[in-house]
1. Got a number for residues in the range 75-89 being closer than 17 Å to V62 by Cα and not small (G, A, S)?
2. Please find, within the range 65-119, the residue that is surrounded by the most Cβ atoms within 10 Å (Cβ to Cβ) out of those that are in contact with a strand residue (DSSP E or B) (Cβ under 8 Å, 6 or more places away or on another chain) and of a type in the set (F, W, Y).
3. Please verify whether G153 is free of Cβ contacts under 8 Å to residues at least 12 places away in the same chain and outside the structural domain of A83 (by TED's automatic domain parsing), treating the condition exactly as stated.
4. Exactly one of these conditions fails for R182: (1) under 28 Å from E46 (Cα atoms); (2) outside any loop (DSSP other than H, G, I, E, B); (3) modelled with pLDDT under 80. Give me its number.
5. Output the residues belonging to the range 20-37 that are assigned to a helix (DSSP H, G or I) and either of a type in the set (D, E) or surrounded by fewer than 17 Cβ atoms within 10 Å (Cβ to Cβ) (or both).
6. Where residues in the range 22-45 are hydrophobic (A, V, I, L, M, F, W, C) and out of contact with any helix residue (DSSP H, G or I) (no Cβ under 7 Å at 6 or more places or on another chain), which of them is nearest to V71 (Cα to Cα)?
7. Could you tell me which numbered condition A68 fails, if it satisfies all but one of (1) over 28 Å from the mean Cα position of the chain (by Cα); (2) under 16 Å from C107 (Cα atoms)?
8. For the structure I just gave you, tell me whether K214 is of a type in the set (D, E, K, R) and at pLDDT below 75.
Amino acid sequence: MSYWTPEYPQACADRQHDILREAVKVLKPGGELIYSTCTFAPEEDEQMIAWLLATYPEFEVVPITKTAGIVDGKPEWADGNPALAGTARLFPHLMKGEGHFVAKLRCREAIGTAKKFKGQRPNLSVEQRDLLAKFAKTTLTQTFDHKQLLTFGDQLYLMPIDTPDLGKLKVVRPGYTWGRLRKTASNQVTRWHWRFQQTRCKPKFQLQWLIGAKWFMVIQSR
């Protein structure tokens, strides 16, 4: 709890405003948006939905059926809009769990146009691509599209199809860890090293490949 301060809920609300401003742009008429938090703070809950309805009258609240101790949202904790009672609150003294808030909204009319999709571009060098192509030809039974490969440092990742541009995002992993690419310092000849280890349900192997005394690659699979 060291990160929490009295100003923290408002800081989260400001961030959620930014997210919702972009989210509403991608919905077609009839499209639905589920907004959910794990906080009691009205700034992030009823007040957020009140702001959205006032800013984007194209949206309406779709009432949520309340069961098992779930209660109505609190219009009086925002601007008094009775539609906010259609949202839902989960209190730990009424049901098992922590504090949560959920709102379901429907778009009645399209809002503007979302930015044109920009996908993440691969960043492998020509030399790295050639190495991988040679490795795949001599070692793998399946082909792969180098356009789905991305390096973070010496880590090589296989990105999901249609991965968006990650340039301004902080990402832990941009996809499946496919292996490592490392430059070598010595002028050694090509060699292979294979280590196979059986796990509970799927085989795990690690293949190390040194080629041309320039790149050292580890391919791993789980």
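The values are calculated or read from the model by the stated rules, or taken from the named source; none is laboratory data. Just so it is clear, the structure is predicted and the values come from calculations on it, not from any experiment. Because the Cβ atoms are built from the backbone with ideal geometry, glycine has one as well, and the counts that use them run over all protein chains shown.
1. The number of residues fulfilling the criteria is 6.
2. Among them, the one singled out is F101.
3. Numbers: free of Cβ contacts under 8 Å to residues at least 12 places away in the same chain: yes; outside the structural domain of A83 (by TED's automatic domain parsing): yes.
Yes.
4. (1)
5. If we filter the range 20-37 for residues that are assigned to a helix (DSSP H, G or I), which is where we start, we get 20-26.
Scanning the range 20-37 gives R21, E22, A23, K25, V26.
6. If we filter the range 22-45 for residues that are hydrophobic (A, V, I, L, M, F, W, C), which is where we start, we get 23-24, 26-27, 33-34, 38, 40-41.
After this cut, where a residue has to be out of contact with any helix residue (DSSP H, G or I) (no Cβ under 7 Å at 6 or more places or on another chain) as well, the list is 23-24, 26-27, 34, 38, 40.
On the way: A23: 26, V24: 26, V26: 30, L27: 28, I34: 17, C38: 15, F40: 13 Å.
So the residue we want is F40.
7. The failed condition is (2).
8. Values: of a type in the set (D, E, K, R): yes; at pLDDT below 75: yes.
It is true that K214 is of a type in the set (D, E, K, R) and at pLDDT below 75.
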